[in-house]
Amino acid sequence: METVLAFIVIFGALVFFHELGHFVFAKRAGILCREFAIGFGPKVFSAKRGETIYTIRLLPIGGFVRMAGEDPEMVELKPGHRVGLIQNDDGLIEKIILNNRDKYADLLVIEVEYADLEKELIIRGYEDDDDEVLKTYKLSRKAVMVEDKVETQIAPWDRQFASKTLGQRAMAIFAGPMMNFILAFVVFVLIALMQGIPVNDPVLGDISPDGAAQKAGLKAGDEVLSIEGSEINSWADVVDVVRKHPGTEVTFTVERNKKTLDIPVTPKATEADGKKIGLIGVMSPIEKSPLKSITYGAKETYGWTVEIFHMLGKLVTGQFSINALSGPVGIYVSTETVAKSGIFYLMKWGAILSINLGIMNLLPIPALDGGRLMFFAAEALRGKPIDRHKEGIVHFIGFALLMVLMLIVTWNDIQRFFLQ
């Protein structure tokens, strides 16, 4: 149960902050955001706040922000359609009733002759009791269309995604992956603030209660001057000498409370990578510093970003196969393993996954954020956007291929972890 909760919290946080990036910058650009969703498939929970419906959906494999103008979303009012209109106190239409008109009182019913719900914001038509006089009705900018009692707010052209500048649209898309990198940075900073930052000084950190160092009498805070007469200048030197003496007694010369002590220690012999190494049960020294925590967060985020790109390069060049990839099942199993090591390892795992999600979404693959940014780059070069219909087909094909890939890696995970 702890693993399930850890997986839900980590994966939910990654998706939430990714979609939050899209949402915040879309709102800043003035785009009407119809839905903020975590997951895909049928709705499990929904609540409307302001203009946006916030939903949690059944399949926890991602999320989305539905922006006005992105998909066919409104019923087109054509000549001959009969609709009911409800006006506000200023005489502007605030509701357009498409069906079940008998459920509403004081409804103005008209036959539509012309309608523009994007730019002019008007409907022209003939009232039931006067089919000779054509009248024009102005719409409120927040008017809604009601079909089967479901309200959908109209989107004036300046509230639609396509109406915004290239820079605003690109930023709204790029903001999702950007938030994943920011989240990873913040998590690494929090780890450094709470746990401390490993430093390379030749000073003993926490002592394991059942290790060779504890039995020999070494204490946390001891400064190592030499081991077996070899001068020690860094923590890396301590590790190197200890690893080379499995099961062999060595003399630590340390400074404690301004006194120099010689303490014999026998490193425990342990197998690692097919050979024996020595361990004494001592953690590296740590330092707590708000300023250095920020530097540590930046270095860790950069380092893991480079490492993930390096692994992607190996995948592209065929140095490892697609069978090595993992999906949600593999992430779940890995989360279970990491969770046993403690909260700080779990936080670091979440940060690494966040960087991975950010990078994956920036790849120039149709249906992903990187694919959309690729079309924006083409628009910048051409001076005009790609045909929306053609772009939609490309993204649809890309999405279908991604779903096939997801099925493949999920089946590989099931075979690897449960059927062997």
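Numerical summary
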{"item": "Ser289 long-range amide H proximity, modeled H, under 5 Å", "result": "Ile197"}
{"item": "Order of exposure, largest accessible area first, which applies to His18, His389, His310 with probe 1.4 Å", "result": "His389, His310, His18"}
{"item": "The chain - accessible surface per residue (Å², probe 1.4 Å)", "result": "57"}
{"item": "Choice from Thr165, Thr295, Thr248 with maximal GNM fluctuation in the chain (Cα, 10 Å cutoff)", "result": "Thr248"}
{"item": "Tyr345, Tyr296, reordered so the largest accessible area comes first (probe 1.4 Å)", "result": "Tyr345, Tyr296"}
{"item": "Loop trypsin sites (Lys or Arg not before Pro), segment 293-373, which have at most 11 other Cβ atoms in a 10 Å radius of their Cβ (DSSP)", "result": "Lys340"}
{"item": "Cα centroid separation - segment 345-401 against segment 257-291, whole Å", "result": "46"}
{"item": "Candidates Ala377, Ala29, Ala236, ranked by Gaussian network fluctuation over the chain, Cα under 10 Å, top entry", "result": "Ala236"}
{"item": "Segment Ala162-Leu108, length gained on full extension (0.36 nm per residue, minus Cα span)", "result": "16.1 nm"}
{"item": "Angle between the chain longest axis and helix 388-418 axis [Cα atoms, degrees, rounded to 10]", "result": "40"}
{"item": "Sequence of Asp240, Asp90, Asp106 when ordered by accessible area, the most exposed leading, probe 1.4 angstrom", "result": "Asp106, Asp90, Asp240"}
{"item": "Selection of trypsin sites (Lys or Arg not before Pro), segment 115-185, meeting DSSP coil and at most 12 other Cβ within 10 Å", "result": "Lys119, Lys149"}
{"item": "Ile343-Leu407 pseudo-label distance in nm [points 7 Å out on the Cα-to-Cβ vector]", "result": "4.2"}
{"item": "C-alpha long axis of helix 343-362 to longest principal axis of the chain, angle in °", "result": "50"}
{"item": "Using θ = phi - 60° and Karplus 6.51 cos²θ - 1.76 cosθ + 1.60, couplings along segment 87-103 (whole Hz; Gly, Pro as x)", "result": "9, 8, 5, 8, x, 8, 6, 10, 9, 10, 8, 8, 8, 6, 5, 5, 7"}
{"item": "Computed FRET value (nearest 0.05) for Lys288 with Ser234, which takes r as the C-beta separation and R₀ as 30 Å", "result": "0.90"}
{"item": "Accessible surface of segment 278-386 [probe 1.4 Å, protein heavy atoms]: carbon and sulfur percent", "result": "67"}
{"item": "Label-point separation in nm, Leu381 to Ala400, each point 7 Å along Cα→Cβ", "result": "2.6"}
{"item": "Label-to-label distance, nm, for residues given as Ala272 and Glu76 (7 Å Cα→Cβ offset)", "result": "6.8"}
{"item": "Assigned charges on the beta-carbon of Lys, Arg, Asp, Glu; the chain dipole about Cα centre (debye)", "result": "1020"}
{"item": "Placed amide H near Ala367: partners under 5 Å, 5+ positions off or other chain", "result": "Arg372"}
{"item": "Gain upon complete extension [Leu363, Gln415; 0.36 nm per residue less C-alpha separation]", "result": "16.0 nm"}
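The values are calculated or read from the model by the stated rules, or taken from the named source; none is laboratory data. Worth saying up front: this structure is predicted, and the values here are computed from it rather than measured. With ideal geometry, Cβ positions are generated from the backbone for all residues, glycine too; neighbour counts draw on all protein chains shown. Note: areas computed on protein heavy atoms with side chains; ligands, DNA, RNA excluded. Shrake-Rupley method; radii C 1.70, N 1.55, O 1.52, S 1.80 Å.
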